[in-house]
1. Identify, please: which residue in the stretch 51-72 is of a type in the set (S, T, N, Q) and part of a strand (DSSP E or B) and is, among those, farthest from PHE41 (Cα to Cα)?
2. So is LEU58 surrounded by 14 or more Cβ atoms within 10 Å (Cβ to Cβ), at pLDDT 90 or above and among the hydrophobic types (A, V, I, L, M, F, W, C) or not?
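The values are calculated or read from the model by the stated rules, or taken from the named source; none is laboratory data. None of the values given here were measured: they were computed from a predicted structure. Glycine also receives a Cβ, built like all others from the backbone with ideal geometry; neighbour counts cover every protein chain displayed.
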Amino acid sequence: MPPEPYEYQGRGAIGVFLRGREVSRGRLRLVPTRANGQPGFACYLPSAQADIARPYALFVLALQGNHISAITWFADSSAFPQFGLPRMLR
């Protein structure tokens with residue numbers, strides 16, 4: 001599961017990234033998780049055909065003190081079961 005070439009570093013870049021996560025089908029739904037001892041979020045996209053959200057990507061956070069210093073985006077949802085994450089959200 002290599003990361004996509006998307007890494008957001010610094011307060012400004014991370015703020016823009018987090019504010020821009022709305023998609024045409026609605027807002028991403030996030031489920032907290034951990035990867036390699038770091039906090040992260042499983043991201044789910046709302047389905048246009050049903051009242052569910054499907055796995056989309058995994059965001060892993062790098063922390064510096066009490067602040068997020070970087071976000072690495074893994075755009076491969078096939079690893080969700082290995083993290084004990086649901087296949088869909090209702």
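1. Pass one, the stretch 51-72, residues of a type in the set (S, T, N, Q): 64, 66, 69, 72.
Add one more test, that the residue is part of a strand (DSSP E or B), and what stays is 64, 69, 72.
Numbers: GLN64: 17, SER69: 15, THR72: 11 Å.
Selected residue: GLN64.
2. Numbers: surrounded by 14 or more Cβ atoms within 10 Å (Cβ to Cβ): yes; at pLDDT 90 or above: yes; among the hydrophobic types (A, V, I, L, M, F, W, C): yes.
Criteria met by LEU58.
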